[in-house]
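The values are calculated or read from the model by the stated rules, or taken from the named source; none is laboratory data. Values in this document were obtained by computation on a predicted structure and should not be read as measured data. Cβ sites come from the backbone with ideal geometry, for glycine too, and all protein chains shown count toward neighbours. With ligands, DNA and RNA removed, areas are computed over all heavy atoms of the protein, side chains included. Shrake-Rupley method; radii C 1.70, N 1.55, O 1.52, S 1.80 Å.
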Amino acid sequence: MDFTFTEEQQAATEAARAVFSGVAPDGVPSPALVPGAVAEDIDRPLWAGLAAGDLLGLTLSPRHGGAGLDLVALCLVLRESARVLARVPLLETCAVAMALQRYGDRGLAAELLPRVGRGELVLTVGANGRSGHDPAELAVTARRVVAATNGPSGEGFGEALGGAPGAAPADAADDAADWVLDGVQSGVPWAQAADWIAVPAHTGEGRAVVALIQATHDGVTLAEQVSTSGELFAEVRLDSVRIDNRALMDAAGAWDWLRALLTTGTCALALGLGEAVLAMTSEYTGKREQFGFPVATFQSVAVQAADRYIDLRAMEVTLWQAAWRISTGADGALPAEGDIAVAKIWASDGVRRVVQTAQHLHGGFGADTDYPLHRFHAWAKQIELSLGPAAAHEEALGDLLAAHLLG
């Protein structure tokens, strides 16, 4: 493996740094100081800046106005976003757009993806199921029914298409059939700000599918939830939500691939946040003096900081391994899911250890709400548990090892 980044990937990193350079981690009220969400909306000026920098279309095909880059490039940008706790659904929007481009209806992709790249549409995805512990696709059911007569060409299929919820089931081969969705997805990031929500579901045959639903669709209810990081999330409840057939990605592997993108992207967020926190810790311990010497020169402090540096390097190499496997489709001793599980184990445990050590080395100053470290700690906990904690991925990795005996 060669982890040297291409010129295009390096250019994406530089563009991201320029866009995020003006973002302050304390740009909104602290989650420790407000009873609800820190803000009612995403950072719209930053979202516009990402669009102006062509970063929202980074992984889209040129035919959709994108740069045609891969997941590695996206992870490089996500890494930079986490350094400043950027309050934008960059991961969710890009991951859903990539899934739509790969598995979705071509007409729908041509309609939506150029607008995504221009920053006109915000996408998000429900990946937590009801509780965050069970597979997300099991929280929503999708059943096919006889399609209602479609409206004029170009009419938004997010509109109610008619037909009673109890309509007769469609034949499995009927491409004109509609889909009816029922269930709940909890902890959907920034759903109130999103135009479209990707919802994993399961069919009567047990297949996992992904539905694209407009947030304003009839039968969709959003209940406010607040994340550990203080951001406004939502419980998305679907009550007989009927969608056009082309709004559903039912190709084999669509949800698995989207979940892989989300998990790997979350590892990139953990890495960027951890690197920012370690840099803060290094700066603080280099200036804070005891007994006439910077505390960074004390052996116990240096050893703890060195351990966290090792964590970050392990997080980095496992992240690029997973992103490389997904981007190239390269073979390995285990399926790519194994590399993704290893990356998330390191990301979850590593980012937790980094912020805990930072709090310890900062002393009481680390808990001061006038200093941004406490906000990084809240975001780190959110990232640690997103898409499953380390224990869940250790179990998944164990299952893979059992199924693929290594010689």
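Among all positions in the range 277-298, there is no residue which is under 30 Å from D70 (Cβ atoms) and among the polar types (S, T, N, Q). Go through the residues of the range 226-233 one by one and say whether even a single one is part of a loop (DSSP other than H, G, I, E, B), of a type in the set (D, E, K, R), closer than 26 Å to G364 by Cα and open to solvent by 60 Å² or more (accessible area, probe 1.4 Å). The answer is no; no qualifying residue exists.
Considering V19, V38, V84, the condition of being open to solvent by less than 50 Å² (accessible area, probe 1.4 Å), within 18 Å of the chain's Cα centre (by Cα) and of a type in the set (V, I, T) is satisfied by V84 alone. The number of residues in the range 256-296 that are part of a helix (DSSP H, G or I) and touching a His at 6+ places or on another chain (Cβ under 9 Å) comes to 6. When N128 is tested against (1) crowded, with 22+ Cβ neighbours inside 10 Å; (2) in a helix (DSSP H, G or I); (3) out of contact with any Leu (no Cβ under 6 Å at 6 or more places or on another chain), just one condition goes unmet, and that condition is (2).
Given the condition on the phi > 0 side of the Ramachandran plot, crowded, with 16+ Cβ neighbours inside 10 Å and of a type outside the set (K, R), answer yes or no: does some residue in the range 24-32 qualify?
Checking the range 24-32: not a single residue is on the phi > 0 side of the Ramachandran plot, crowded, with 16+ Cβ neighbours inside 10 Å and of a type outside the set (K, R).
Annotation for the range 11-25: no member residue is in contact with a helix residue (DSSP H, G or I) (Cβ under 7 Å, 6 or more places away or on another chain), more than 26 Å from E316 (Cβ to Cβ) and touching a residue at least 24 places away in the same chain (Cβ under 8 Å).
Restricting the range 348-407 to residues that are within 15 Å of L278 (Cα to Cα), charged (D, E, K, R) and in contact with a Lys or Arg (Cβ under 8 Å, 6 or more places away or on another chain) leaves a set whose member that is surrounded by the most Cβ atoms within 10 Å (Cβ to Cβ) is R352. If we scan the range 114-125, do we find a residue that is among the small types (G, A, S), farther than 21 Å from C267 by Cα and modelled with pLDDT under 95? No, every residue in the range 114-125 fails to be among the small types (G, A, S), farther than 21 Å from C267 by Cα and modelled with pLDDT under 95.
Tallying residues that are in a loop (DSSP other than H, G, I, E, B) and closer than 17 Å to A99 by Cα within the range 208-220 yields 0. Could you tell me how many of the residues in the range 269-303 are closer than 21 Å to A378 by Cα and open to solvent by 40 Å² or more (accessible area, probe 1.4 Å)? Number satisfying all stated conditions: 4.
The single residue among L273, L248, L238, L261 that is under 17 Å from D70 (Cα atoms) and either modelled with pLDDT of 95 or more or not polar (S, T, N, Q) (or both) turns out to be L261. Contact map, the range 90-117: residues that are open to solvent by less than 10 Å² (accessible area, probe 1.4 Å) paired with residues that are polar (S, T, N, Q) and at pLDDT 95 or above, Cβ distance under 6 Å, separation 6+ or inter-chain. Pairs shown: L90/S81; C94/T59; A109/Q101.
Looking only at the range 41-55, residues that are outside any loop (DSSP other than H, G, I, E, B), more than 14 Å from A193 (Cβ to Cβ) and open to solvent by 40 Å² or more (accessible area, probe 1.4 Å) come to 1 in all. Of the set (1) in a loop (DSSP other than H, G, I, E, B); (2) open to solvent by 60 Å² or more (accessible area, probe 1.4 Å); (3) not aromatic (F, W, Y), all apply to L58 but (2).
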